[in-house]
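Chemist: For reference, the structure I am asking about is given below.
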Amino acid sequence: MSSPLPRVLAYTDGGCRGNPGPGSWAFLLVDLASGGALERAGGEPHTTNNRMEYLAAIRALESLKVRSEVEIRTDSRLLVNTATTWMKGWKAKGWKKKGGPIKNLDLVQRLDVLLVEHTVRWTWVRGHAGDPGNERVDELANISMDSLQAGASPDLEQRHARCPIALV
């Protein structure tokens, strides 16, 4: 039986030049029924790689207009482990963990809210290994960082009637 929810594939990536330093996030969303796609990227002048990885997934999920079934493919083990393993325990302990505070708690809590709104499956992909979706979001994040470092807006958005790349 097929899912009654819209099915979406999301690739996400975040990066930073220096850590901390100027950074950006990017995502590619593909509606699996229509093949339509949305690409977005943005950035911050002083941030960390981990914040950008979290923001990429958050921005992708926030862009969905209705409850959806989403597969998020990311090269961030931190993001996958946070969402699938660690978050549940942190939440049960009042957003605390053994050994100190949770880093980027504001973003972890935003992600938690979004994970309740959607049905999300996480897939880790090896970065810089030729996966077309991963390579595309890496490219978008770098374009965004280049713009940021040049003093321009890091914000990018492109809508496509058909996904601009061949996905695996």
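The values are calculated or read from the model by the stated rules, or taken from the named source; none is laboratory data. Bear in mind that the values here come from a model prediction, so they are computed numbers and not experimental data. Positions of Cβ are backbone-derived with ideal geometry, glycine not excepted, and every protein chain shown enters the neighbour counts.
Chemist: Would you confirm whether any residue within region 51-59 is at pLDDT 95 or above, in a loop (DSSP other than H, G, I, E, B) and under 25 Å from GLU139 (Cα atoms)?
Modeler: No, region 51-59 contains no residue that is at pLDDT 95 or above, in a loop (DSSP other than H, G, I, E, B) and under 25 Å from GLU139 (Cα atoms).
Chemist: Here is a further query. With in contact with a strand residue (DSSP E or B) (Cβ under 8 Å, 6 or more places away or on another chain), of a type in the set (D, E, K, R) and not in a strand (DSSP E or B) as the only criterion, which of ARG136, ARG121 stands out?
Modeler: Exactly one of ARG136, ARG121 is in contact with a strand residue (DSSP E or B) (Cβ under 8 Å, 6 or more places away or on another chain), of a type in the set (D, E, K, R) and not in a strand (DSSP E or B), namely ARG136.
Chemist: Could you pull out the residue among PRO20, PRO45, PRO4 that is surrounded by fewer than 23 Cβ atoms within 10 Å (Cβ to Cβ) and touching a residue at least 60 places away in the same chain (Cβ under 8 Å)?
Modeler: Just a single option satisfies the conditions, and that option is PRO45.
Chemist: While we're looking at this one, here's another question. Specify which of the listed residues (LEU28, LEU32, LEU105, LEU114) is over 17 Å from GLY133 (Cβ atoms), of a type in the set (A, V, I, L, M) and in contact with a strand residue (DSSP E or B) (Cβ under 9 Å, 6 or more places away or on another chain).
Modeler: So the residue among LEU28, LEU32, LEU105, LEU114 that is over 17 Å from GLY133 (Cβ atoms), of a type in the set (A, V, I, L, M) and in contact with a strand residue (DSSP E or B) (Cβ under 9 Å, 6 or more places away or on another chain) is LEU114.
Chemist: Please state which of the following conditions GLU39 fails to meet, knowing it meets all the rest: (1) among the acidic types (Asp, Glu); (2) touching a residue at least 40 places away in the same chain (Cβ under 8 Å); (3) surrounded by fewer than 22 Cβ atoms within 10 Å (Cβ to Cβ).
Modeler: Only one criterion is unmet by GLU39, namely (3).
Chemist: Would you tally the residues in region 146-168 being of a type in the set (A, V, I, L, M, F, W, C), over 16 Å from the mean Cα position of the chain (by Cα) and at pLDDT 95 or above?
Modeler: Residues in region 146-168 being of a type in the set (A, V, I, L, M, F, W, C), over 16 Å from the mean Cα position of the chain (by Cα) and at pLDDT 95 or above: 3 in total.
Chemist: Let me ask you something else. Give me the pairs, please: first residue somewhere in region 94-113 and in contact (Cβ under 8 Å) with a residue 40 or more places away in the chain and on the phi > 0 side of the Ramachandran plot, second residue anywhere and surrounded by 14 or more Cβ atoms within 10 Å (Cβ to Cβ) and not hydroxyl-bearing (Ser, Thr, Tyr), beta-carbon distance under 8 Å, and either six or more positions apart or on two chains.
Modeler: ASN104/ASN50; ASN104/ARG51
Chemist: Here's a follow-up. Yes or no: region 109-117 includes at least one residue that is assigned to a helix (DSSP H, G or I), modelled with pLDDT of 95 or more and in contact with a Gly (Cβ under 6 Å, 6 or more places away or on another chain).
Modeler: Within region 109-117 (the criterion being assigned to a helix (DSSP H, G or I), modelled with pLDDT of 95 or more and in contact with a Gly (Cβ under 6 Å, 6 or more places away or on another chain)), the answer is no, since none of the residues qualifies.
Chemist: Continuing with this model, one more query. Within region 49-99, take every residue that is among the polar types (S, T, N, Q) and farther than 22 Å from GLY15 by Cα and give me the one that is surrounded by the fewest Cβ atoms within 10 Å (Cβ to Cβ).
Modeler: THR85
Chemist: Separate question: For residues that are surrounded by 14 or more Cβ atoms within 10 Å (Cβ to Cβ), over 18 Å from GLU62 (Cβ atoms) and either hydrophobic (A, V, I, L, M, F, W, C) or free of Cβ contacts under 8 Å to residues at least 40 places away in the same chain (or both), tally how many sit in region 114-136.
Modeler: 4
Chemist: Out of region 60-78, which residues are outside any strand (DSSP E or B) and touching a residue at least 40 places away in the same chain (Cβ under 8 Å)? Talk me through it step by step, then tell me what you get.
Modeler: Quick first cut of region 60-78, residues outside any strand (DSSP E or B) only: 60-68, 75-78.
Selection gives ALA60, LEU61, GLU62, LEU64, VAL66, ARG67, SER68, ASP75, SER76, ARG77.
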